[in-house]
Amino acid sequence: MRLPALTAVAPRWEVDLVAALAPSDHVHVVRRCADVAELLGVAAAGLGRVAFVSSDLRGVDRSVLDALTLRGVMVVGVHPPDDDAAARTLTRWGCPVVVPADTSSPQLDDALEELLRGADARERSASAGVGAVQEEGRSGRGPGVPGAPAKDRPAGLDPDGLDEELEQLLDEAGGGARGQGLGPDASLDDQGGGREGEVVVVWGPTGSPGRTTVAVNLAVELADPLGPVVLVDADTYGASVAQHLAVLDEVPGVAAAVRAADQGTLDRVSLARLAPELRPGLRVLTGLPRADRWPELRDVALADVLQACRSLARWTVVDVAAYLEQDEELSFDTLAPRRNGATLTALEAADHLVVVGSADPVGLQRLVRGLDLLREQAVDPTLIVVNRVRSGAVGPEPGRRITEALRRFAGVEPAVLVPDDVDAMDAAMLQGRALAEVRPRSTARTALVDLANQLSGRPAQGSGHGRRHWPRRHRRAART
């Protein structure tokens, strides 16, 4: 049975490619698409099972191939003859089979046989329960994606060469691995402990509970030259990590990383260039300076960025927006940009989830309802942080009252209570630095150190719980 095929290639290759496909035993061309919009529309209508897409067609990127895969269309990548860079780009985008534009009919048939065999193998694996195989292009471990096994990497990519180039980049930037006593032969794997990094997502309900403050200071406390951290600002409503750390954000690092992922050029080296090192072991991908630029953070590409971060650092701390709705599904009958897609993608990729709420009656109510929303997203909160804890908002013994309220109404207990140390927070914000640099003995910083210790498994050095940790002015208020 010949499968219906679609072509979406640059005009200079179209005639020859269609002619080469004419005698094929596997496919017959049913539509020659002039642009990406027509290709996606025809695929959504279910008119094709195989699509031939060229790398030089205007508008083609990773998200287009992902959309085709979601529609059940198998993709064959087509690149200009002798253009190895374009072939690698298609592979990075998730094309299981890549062929040059001047491929002959017998070679095209061989490529189609390989494509169909791969599809059959994936279906058999899924039906047999040997692990769900994600569609290539959405998985962070497909061929050619950073972090893939060496045998799956496309030709021309040398992981050892990437490590050497990264070491050189770190040395040129200053404060790199060699400058931290790791030895002249230290590599990226040495910094990350020889294992894939973990993603920590910091989320909280609406109402400014202090998500970014917690994310920034958590990243600082986790950061270590032997266990580096990448702090990612993925808030599509009000990104502010750059302001918290006094970093220029005219060129947002997260947007540049997403573009590189779309173009298939994102790897550990390019990610290291886009995420400057602010202090030993801490790199930052700044967020969008304007909220109206949110369409730049496509969820598919952001998933690739987070996977690349796993290969660059031991920890990836992601600051996300509060909203979890998927209103686009109700407003459009086709694939549409999702403003909340960045948050949902980060939650899907999370290994650990830190939920932040504010210690006042309204903030606690929002926290309880937010936990219900997270359960609908099938996300299990790892640690719950109650921020700005003070007796003036909830009465005497605020720690006990908050713990009892969350246990009663949400069935959970807070992992950390962060005192409302206004002076320390204001000083840190004014200087654009973390609490560890400005007020290392702050009671709020003590609680955030406890949070980092619980996440990393380090021995606890202090506690953010207990009445003795509230600032003195709050103890006076409690007595009055």
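Below is a table of values for the structure above.
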item: Any hit, the range 370-392, residues being in contact (Cβ under 8 Å) with a residue 40 or more places away in the chain, part of a helix (DSSP H, G or I), surrounded by 20 or more Cβ atoms within 10 Å (Cβ to Cβ) and out of contact with any Lys or Arg (no Cβ under 9 Å at 6 or more places or on another chain); result: yes
item: Among (1) part of a loop (DSSP other than H, G, I, E, B); (2) aliphatic (A, V, I, L, M); (3) surrounded by 23 or more Cβ atoms within 10 Å (Cβ to Cβ) - the single one LEU68 does not satisfy; result: (1)
item: Residues being touching a Leu at 6+ places or on another chain (Cβ under 9 Å), closer than 21 Å to LEU383 by Cα and either in contact (Cβ under 8 Å) with a residue 60 or more places away in the chain or surrounded by fewer than 22 Cβ atoms within 10 Å (Cβ to Cβ) (or both) - total across the range 400-433; result: 10
item: Extreme residue, nearest to ALA85 (Cα to Cα), among residues of the range 1-39 that are under 35 Å from the mean Cα position of the chain (by Cα) and surrounded by 21 or more Cβ atoms within 10 Å (Cβ to Cβ); result: VAL9
item: Of residues in the range 242-294 being in a strand (DSSP E or B) and among the aliphatic types (A, V, I, L, M), the one farthest from ALA308 (Cα to Cα); result: LEU278
item: Selected residue (only one of GLN326, GLN307 is out of contact with any Pro (no Cβ under 6 Å at 6 or more places or on another chain), part of a loop (DSSP other than H, G, I, E, B) and among the polar types (S, T, N, Q)); result: GLN326
item: Matching helices (runs of 4 or more DSSP H) fully within the range 402-480 where at least 2 residues are at pLDDT below 85; result: 472-479
item: In the range 359-398, the residues that are small (Gly, Ala, Ser) and closer than 20 Å to ALA346 by Cβ; result: GLY370, ALA378
item: One residue from VAL300, VAL362 being modelled with pLDDT under 95, part of a helix (DSSP H, G or I) and out of contact with any Pro (no Cβ under 6 Å at 6 or more places or on another chain); result: VAL300
item: Subset of the range 43-57 (residues that are farther than 14 Å from GLY264 by Cα and either acidic (Asp, Glu) or free of Cβ contacts under 8 Å to residues at least 24 places away in the same chain (or both)); result: ALA45
item: Criterion: closer than 20 Å to GLY118 by Cβ and either at pLDDT below 90 or polar (S, T, N, Q) (or both) - qualifying residue of LEU70, LEU21, LEU6; result: LEU70
item: Condition broken by ALA256, with the remaining ones in (1) touching a residue at least 24 places away in the same chain (Cβ under 8 Å); (2) touching a helix residue (DSSP H, G or I) at 6+ places or on another chain (Cβ under 7 Å) satisfied; result: (1)
item: Options GLY176, GLY207, GLY161, GLY194: the member that is part of a loop (DSSP other than H, G, I, E, B), at pLDDT below 50 and of a type outside the set (Val, Ile, Thr); result: GLY176
item: Positions within the range 83-112 being under 13 Å from LEU21 (Cα atoms) and touching a residue at least 40 places away in the same chain (Cβ under 8 Å), in sequence order; result: ALA101, ASP102, THR103, SER104, SER105, LEU108, ASP109, LEU112
item: For GLN307: the one exception among (1) modelled with pLDDT of 90 or more; (2) more than 14 Å from the chain's Cα centre (by Cα); result: (2)
item: Identity of the residue in the range 334-368, surrounded by fewer than 19 Cβ atoms within 10 Å (Cβ to Cβ) and of a type in the set (Val, Ile, Thr), that ends up nearest to GLY46 (Cα to Cα); result: THR334
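The values are calculated or read from the model by the stated rules, or taken from the named source; none is laboratory data. Note that this is a predicted model, so its numbers are computed, not measured. Neighbour counts run over all protein chains shown; Cβ positions are idealised from the backbone, glycine included.
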